[in-house]
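Structure first, then comments.
The values are calculated or read from the model by the stated rules, or taken from the named source; none is laboratory data. Quantities reported herein were computed from a predicted structural model and do not represent experimental measurements. Positions of Cβ are generated from backbone atoms using ideal geometry, with glycine treated the same way; all protein chains shown enter the neighbour counts.
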Number of protein chains: 2
Amino acid sequence: MAGPSGYSKVTQGDLGWLRSRLGPEDVSTEEYDLVTNSLDAFPGEPHLPEVVVWPESGEEVADVLRYANERRIPVYVRGAGTGLAGACVPVYGGILMNMMKMDRLLEVRPVDFQAVVEPGIVYDHLNRLLEPHGLFFPPDPGSSRSCTIGGMVANNASGLRAVKYGVTRDYVLSLRVALPDGRLLRLGANVFKSSVGYDLVRLLVGSEGTLGVVTEVTLRLRRLPRARYTFAAYFDSIEAGVSAINAVRQEGLEPAAMEFLDRVHMDLISRWSGIVLPTHECMLIVEFHGYSRAGVMEEAEAAVSVIREMGASRLEVPRTDEEVQRIWEARKALYPSVTRATPSPITGDVIVPLSKLLDVVRKSYELGEKYGVRTGVAGHLGDGNVHTNWLPEGRDTDSWRRAMQANRELVEYAISVGGAASAEHGIGIEKKDFMALQHGEALELMRRIKSLFDPNWILNPGIML
Amino acid sequence: MAGPSGYSKVTQGDLGWLRSRLGPEDVSTEEYDLVTNSLDAFPGEPHLPEVVVWPESGEEVADVLRYANERRIPVYVRGAGTGLAGACVPVYGGILMNMMKMDRLLEVRPVDFQAVVEPGIVYDHLNRLLEPHGLFFPPDPGSSRSCTIGGMVANNASGLRAVKYGVTRDYVLSLRVALPDGRLLRLGANVFKSSVGYDLVRLLVGSEGTLGVVTEVTLRLRRLPRARYTFAAYFDSIEAGVSAINAVRQEGLEPAAMEFLDRVHMDLISRWSGIVLPTHECMLIVEFHGYSRAGVMEEAEAAVSVIREMGASRLEVPRTDEEVQRIWEARKALYPSVTRATPSPITGDVIVPLSKLLDVVRKSYELGEKYGVRTGVAGHLGDGNVHTNWLPEGRDTDSWRRAMQANRELVEYAISVGGAASAEHGIGIEKKDFMALQHGEALELMRRIKSLFDPNWILNPGIML
């Protein structure tokens, strides 16, 4: 079986070719560029690329791939570097292809509910450009201010609103993709459903840059909801908070977001973000979206009533947009607050069937206790996605190794109940060990699909597979 | 490149092996069984299989595949045979694997919104079993009374409610799949989102039995809506009816169904189904679903107001469940009425971006006129899916050939505007010619993926690829 090996180093001749093809301003071997492209948000070992390039067109991307493939030089693909799993870290060196210069919104088609974008466009920026059309691209990852659409496609990213709107994979209609042999293919069709052979678009989404490099994305969009309603609920036990989530779902309500934060995280946010949250064991943030204000209000009232019944000790109903924004700012301050508290947190990303939500939250604390690591639980619990943050005292310490083991056992538990090792952060270098655990024999099929698209394994070698 | 060739005929020895493995009652070479398994709902040439088998477990399926693969005998997989594209027609003979004995609902997990089923279970039957749990599997194909979940998975089927709820591919969480080498793999995880490598589940869904045989499906379910509202609108011009669809979508309304029927189809239904529809150029059937009755009513009222503005000449607002049911019965009588009127209709299944809806409807009539074939247009126009029915005077007649050409030109038009040759009926044998048109160079990648899963091309050879 093929795999990552037999690579060439980048030579002066290669640099000359890159400069002549891309222009000297789009090729750099300066230390500053190598270092800033050596890591993403995963607190692992940095790996320096040998050269950083900034392609400006699909044709440039394709030509670099063809050249690198002939020369057996690894190519890593990077957006904004906000990934949490190290999926753009150039572990075998080679060429780091930074997509941030391909950042245009090429076309909005309001009647079609579609937009065509280059991969380097930033999520929040795209949504600001779509707002005058009354449209948006829903997935809303925590890193929305910085992350790129290309990174979201590579990673099948999602976030706060996936519980209602789904994930990136649900919104990618077609792709322009450069393959290692230098071809530029169009995959998919710009329609909402199709039955025309194998779904290569959805195969590419979530493939973490290992099959091809996306150079253009046609996204499905949604209409911005006319009515919204947000509230927060506080609980004096974890059991009450988690059970309330399932009670809301069982009632048949479909919130646009249903976020969970435990006391550990609430304290970190209060301490580091400047937004002070009240002291309770946990909280939920619940949001409803819809066309009809009356409908949204009825849904929110039903949710409030269910949540009260489940034992909420306090409800916070914001009356102004600013108050709503403050609640969401608190939630979005989660990850920055965690990294201020601990430079090397280990962020779990398991997802389980909803009936196992309480078990996986309890298991998180049990494992934290067993391994003597401070543990906080948060996440998009409305869809089963639990982010357990293990907070060791620095990287490569004994407590860090214990935290890694706790996280591993949590992943094993999640998989044993039909869940997944990663709901939205991806595999990268961080979770490679979990692939065999997750997929068993099917992993070999994935490796063969990889070899089919990329026979010399030049694309993101060492990542995911 | 590999392809369908070099097959062995089924021998007495093979029949003996099949009888000993499956039991003699699950193996037949009787003419009745061969003939009834030689066609689906596509009015093409029948092809007799050499033997029909009815496996009763995943292990039996896997063993038959391993045996057939070693012997190079083609294996075709069949559910209820309601497919419209001939995707289970045994064009190379061999073993016809009829999945109708594997028809159990294995488990319902209400808290998880999941059900585990065998592939032979019928769609409407499954939904009846789910109803006491307040749950349903939404896609609702026109053949819902007879079609199986396995067939829907193979075909990525959808139907009347796809505009709100999506297609089969959106609801398959995990699969148990038998591969030609005799392995039984589990693919996917029983959770609502994941980022754990290549999405093999979505690759299998819609692969029309060419990659593996699905032996168990874990479906995501939805809560039955508490509130529903259905109405019909009649128009005196095609333009008004089609434009109303886009106006409703642009308003930001998300109907659970938005069906279009033109006068040709309305007349056929009135004549053959016993449900008499009024005489207008076209009609829409619109349904809203939701949790809140007030919300559903506000959405329906907004839709009615938009539709009036677009020039509807008549609105029909049913007041009882029976009246609602009568409207839907009229819609579901469409295909049976068409086949009563013409034994060999050619049913188009293109899908286009919403801005091209009116163009593709007009194009249908223009082509009908150009080729002198009676033409009706219907479909799930709310999501862009247009079913043009060409009604020639019998199969293999001159008008049939002209209808085929008209359909081909419509497909070419749909693809030229970013659409697809098939939204939900699949490729089968009917639309094989359109695969190259749709995918260009990407078709070769599909053929290589096929060879990777099924090196000897024993699974459904001649279908799709």
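Which ones in the stretch A:344-368 are out of contact with any helix residue (DSSP H, G or I) (no Cβ under 7 Å at 6 or more places or on another chain) and more than 27 Å from A:E45 (Cα to Cα)?
A:P353, A:S355, A:K356, A:D359, A:R362, A:Y365, A:E366
Looking at the structure I just gave you, is B:P43 of a type outside the set (A, V, I, L, M), closer than 23 Å to B:V122 by Cβ and at pLDDT below 95?
Values: of a type outside the set (A, V, I, L, M): yes; closer than 23 Å to B:V122 by Cβ: yes; at pLDDT below 95: yes.
Answer is yes for this residue.
For the stretch B:105-133, how many residues meet the condition of being among the charged types (D, E, K, R) and more than 25 Å from A:K356 (Cα to Cα)? Working first, answer last.
Going residue by residue through the stretch B:105-133, those that are among the charged types (D, E, K, R) are B:107, B:109, B:112, B:118, B:124, B:128, B:131.
Those left that are additionally more than 25 Å from A:K356 (Cα to Cα): B:124, B:128.
Here the count works out to 2.
Looking only at the stretch B:283-320, count every residue that is assigned to a strand (DSSP E or B) and of a type in the set (K, R) and tell me the total. Explain how you work it out, then say what you get.
Residues of the stretch B:283-320 that are assigned to a strand (DSSP E or B), as a first pass: B:283-290, B:314-316.
Going one step further and asking which of them are of a type in the set (K, R), we end up with B:314.
Qualifying residue count, the stretch B:283-320: 1.
Condition first: closer than 16 Å to B:V64 by Cβ, touching a Phe, Trp or Tyr at 6+ places or on another chain (Cβ under 9 Å) and within 13 Å of chain A (Cβ to nearest Cβ). Now tell me which residues in the stretch B:447-465 satisfy that.
B:N460
Given (1) out of contact with any strand residue (DSSP E or B) (no Cβ under 7 Å at 6 or more places or on another chain); (2) at pLDDT 95 or above, where does B:W272 come up short, assuming only one miss?
Checking B:W272 against (1) out of contact with any strand residue (DSSP E or B) (no Cβ under 7 Å at 6 or more places or on another chain); (2) at pLDDT 95 or above, the one that fails is (2).
Conditions (1) within 28 Å of A:L410 (Cα to Cα); (2) more than 27 Å from the chain's Cα centre (by Cα); (3) hydroxyl-bearing (S, T, Y), marked per residue:
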residue: A:I285; (1), (2), (3): yes, no, no
residue: A:I307; (1), (2), (3): yes, yes, no
residue: A:G311; (1), (2), (3): yes, yes, no
residue: A:R314; (1), (2), (3): no, yes, no
residue: A:K332; (1), (2), (3): yes, no, no
residue: A:R374; (1), (2), (3): yes, no, no
residue: A:H387; (1), (2), (3): yes, no, no
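Got a sec? Which of A:G372, A:G379 is in a loop (DSSP other than H, G, I, E, B) and at pLDDT 95 or above? First the steps, then the outcome.
Details: A:G379 fails: in a loop (DSSP other than H, G, I, E, B).
Among A:G372, A:G379, only A:G372 is in a loop (DSSP other than H, G, I, E, B) and at pLDDT 95 or above.
Out of all the residues in the stretch B:96-113, which are away from every other protein chain (no Cβ under 14 Å) and either buried (at least 22 other Cβ atoms within 10 Å of the Cβ) or touching a residue at least 24 places away in the same chain (Cβ under 8 Å) (or both)?
B:L96, B:M97, B:N98, B:M99, B:M100, B:K101, B:M102, B:D103, B:L105
Which count do you get for residues in the stretch A:431-446 that are among the acidic types (D, E) and more than 8 Å from every other protein chain (Cβ to nearest Cβ)? If you could, list the steps in order and put the result at the bottom.
First, pick out the residues of the stretch A:431-446 that are among the acidic types (D, E): A:433, A:441, A:444.
If we keep only those that are more than 8 Å from every other protein chain (Cβ to nearest Cβ) as well, we get A:433, A:444.
Selection size over the stretch A:431-446: 2.
Checking the condition more than 10 Å from every other protein chain (Cβ to nearest Cβ), within 22 Å of B:K332 (Cβ to Cβ) and more than 26 Å from the chain's Cα centre (by Cα), which residue from B:F235, B:F231, B:F260 passes? Before the answer, list the steps.
Details: B:F231 fails: more than 26 Å from the chain's Cα centre (by Cα); B:F260 fails: more than 26 Å from the chain's Cα centre (by Cα).
Checking each option against the conditions leaves just B:F235.
Does A:V163 count as within 10 Å of chain B (Cβ to nearest Cβ), in contact (Cβ under 8 Å) with a residue 24 or more places away in the chain and either part of a helix (DSSP H, G or I) or hydroxyl-bearing (S, T, Y) (or both)?
Here the answer is yes, as A:V163 does meet what is asked.
One residue is enough: does the stretch B:60-80 have a residue meeting the conditions buried (at least 20 other Cβ atoms within 10 Å of the Cβ) and touching a Lys or Arg at 6+ places or on another chain (Cβ under 6 Å)?
no
Touching a Ser or Thr at 6+ places or on another chain (Cβ under 9 Å), without any contact (Cβ under 8 Å) to a residue 40 or more places away in the chain and within 14 Å of another protein chain (Cβ to nearest Cβ): is that true of B:P141 in this structure?
Numbers: touching a Ser or Thr at 6+ places or on another chain (Cβ under 9 Å): yes; without any contact (Cβ under 8 Å) to a residue 40 or more places away in the chain: no; within 14 Å of another protein chain (Cβ to nearest Cβ): yes.
Considered against the rule, which asks whether it is touching a Ser or Thr at 6+ places or on another chain (Cβ under 9 Å), without any contact (Cβ under 8 Å) to a residue 40 or more places away in the chain and within 14 Å of another protein chain (Cβ to nearest Cβ), B:P141 comes out as no.
Note down all Cβ pairs under 9 Å where the first residue falls in the stretch B:322-337 and is among the charged types (D, E, K, R), the second is part of a helix (DSSP H, G or I), and they're at least six residues apart or on different chains.
Between residues of the stretch B:322-337 that are among the charged types (D, E, K, R) and residues that are part of a helix (DSSP H, G or I), the close pairs are B:R331/B:I269.
Go through the stretch B:1-54 and give me each residue that's in a loop (DSSP other than H, G, I, E, B) and hydrophobic (A, V, I, L, M, F, W, C).
Restricting attention to the stretch B:1-54, the residues satisfying the condition of being in a loop (DSSP other than H, G, I, E, B) are B:1-11, B:23, B:29-30, B:37-50, B:54.
Passing the criteria: B:M1, B:A2, B:V10, B:L39, B:A41, B:F42, B:L48, B:W54.
Taking the stated definitions as given, is B:Y92 surrounded by fewer than 24 Cβ atoms within 10 Å (Cβ to Cβ), at pLDDT 95 or above and touching a Pro at 6+ places or on another chain (Cβ under 6 Å)?
Values: surrounded by fewer than 24 Cβ atoms within 10 Å (Cβ to Cβ): yes; at pLDDT 95 or above: yes; touching a Pro at 6+ places or on another chain (Cβ under 6 Å): yes.
For B:Y92, the condition - surrounded by fewer than 24 Cβ atoms within 10 Å (Cβ to Cβ), at pLDDT 95 or above and touching a Pro at 6+ places or on another chain (Cβ under 6 Å) - is met.
So, in the stretch B:404-430, exactly how many residues are facing chain A (nearest Cβ under 8 Å) and closer than 23 Å to B:H47 by Cβ?
Narrowing the stretch B:404-430 to residues facing chain A (nearest Cβ under 8 Å): B:415, B:418-427.
Subset that is closer than 23 Å to B:H47 by Cβ: B:421-422, B:425-427.
Residues in the stretch B:404-430 being facing chain A (nearest Cβ under 8 Å) and closer than 23 Å to B:H47 by Cβ: 5 in total.
Mind checking which residues of the stretch B:29-49 are farther than 26 Å from B:T342 by Cα and surrounded by fewer than 20 Cβ atoms within 10 Å (Cβ to Cβ)?
Scanning the stretch B:29-49 gives B:T29, B:E30, B:E31, B:D33.
Taking A:S355 as the residue in question, decide whether it is in contact with a Phe, Trp or Tyr (Cβ under 8 Å, 6 or more places away or on another chain), surrounded by 17 or more Cβ atoms within 10 Å (Cβ to Cβ) and of a type in the set (S, T, Y). Give the steps one after another, and end with the answer.
Details: in contact with a Phe, Trp or Tyr (Cβ under 8 Å, 6 or more places away or on another chain): no; surrounded by 17 or more Cβ atoms within 10 Å (Cβ to Cβ): yes; of a type in the set (S, T, Y): yes.
Against the criterion (in contact with a Phe, Trp or Tyr (Cβ under 8 Å, 6 or more places away or on another chain), surrounded by 17 or more Cβ atoms within 10 Å (Cβ to Cβ) and of a type in the set (S, T, Y)), A:S355 does not qualify.
So, in the stretch A:174-187, how many residues would count as being surrounded by fewer than 24 Cβ atoms within 10 Å (Cβ to Cβ) and more than 8 Å from chain B (Cβ to nearest Cβ)?
So the answer is 7.
Out of A:E50, A:E25, A:E31, I need the residue that is charged (D, E, K, R), in the same structural domain as A:P90 (by TED's automatic domain parsing) and over 30 Å from the mean Cα position of the chain (by Cα). Which one? Steps first, please.
Values: A:E50 fails: over 30 Å from the mean Cα position of the chain (by Cα); A:E31 fails: over 30 Å from the mean Cα position of the chain (by Cα).
Every option except A:E25 fails the conditions.
Would you point out the residue of the stretch A:114-125, among those that are surrounded by 22 or more Cβ atoms within 10 Å (Cβ to Cβ) and among the hydrophobic types (A, V, I, L, M, F, W, C), that is nearest to B:R249 (Cα to Cα)?
My answer is A:A115.
If you scan the stretch B:321-368, which residues turn out to be within 13 Å of another protein chain (Cβ to nearest Cβ) and in a helix (DSSP H, G or I)? First the steps, then the outcome.
The initial filter retains those residues of the stretch B:321-368 that are within 13 Å of another protein chain (Cβ to nearest Cβ), namely B:349-360.
Passing the criteria: B:L354, B:S355, B:K356, B:L357, B:L358, B:D359, B:V360.
Which residues, counting only those in the stretch A:382-433, are at pLDDT below 95, among the hydroxyl-bearing types (S, T, Y) and assigned to a loop (DSSP other than H, G, I, E, B)?
Selection gives A:T397 alone.
Suppose the filter is more than 7 Å from every other protein chain (Cβ to nearest Cβ), under 22 Å from the mean Cα position of the chain (by Cα), among the charged types (D, E, K, R) and surrounded by fewer than 22 Cβ atoms within 10 Å (Cβ to Cβ); does A:D396 pass it? Lay out the reasoning, then the answer.
Numbers: more than 7 Å from every other protein chain (Cβ to nearest Cβ): yes; under 22 Å from the mean Cα position of the chain (by Cα): no; among the charged types (D, E, K, R): yes; surrounded by fewer than 22 Cβ atoms within 10 Å (Cβ to Cβ): yes.
For A:D396, the condition - more than 7 Å from every other protein chain (Cβ to nearest Cβ), under 22 Å from the mean Cα position of the chain (by Cα), among the charged types (D, E, K, R) and surrounded by fewer than 22 Cβ atoms within 10 Å (Cβ to Cβ) - is not met.
Tally the residues that are surrounded by fewer than 21 Cβ atoms within 10 Å (Cβ to Cβ) and of a type in the set (G, A, S), restricting the search to the stretch B:241-293.
Going through the stretch B:241-293 one residue at a time, the tally reaches 6.
Would you be able to tell me the number of residues in the stretch B:201-226 that are more than 9 Å from chain A (Cβ to nearest Cβ) and in contact with a His (Cβ under 9 Å, 6 or more places away or on another chain)?
Count: 1.
Identify, please: which residue in the stretch A:57-95 is among the aliphatic types (A, V, I, L, M) and in contact with a Ser or Thr (Cβ under 8 Å, 6 or more places away or on another chain) and is, among those, farthest from A:P345 (Cα to Cα)?
Step one: of the stretch A:57-95, the residues among the aliphatic types (A, V, I, L, M) are A:61-62, A:64-65, A:68, A:73, A:75, A:77, A:80, A:84-85, A:87, A:89, A:91, A:95.
When the remaining residues are screened for being in contact with a Ser or Thr (Cβ under 8 Å, 6 or more places away or on another chain), the result is A:61-62, A:73, A:80, A:84-85, A:89.
On the way: A:V61: 35, A:A62: 37, A:I73: 33, A:A80: 20, A:L84: 11, A:A85: 12, A:V89: 18 Å.
Within the stretch A:57-95, the match that is farthest from A:P345 (Cα to Cα) is A:A62.
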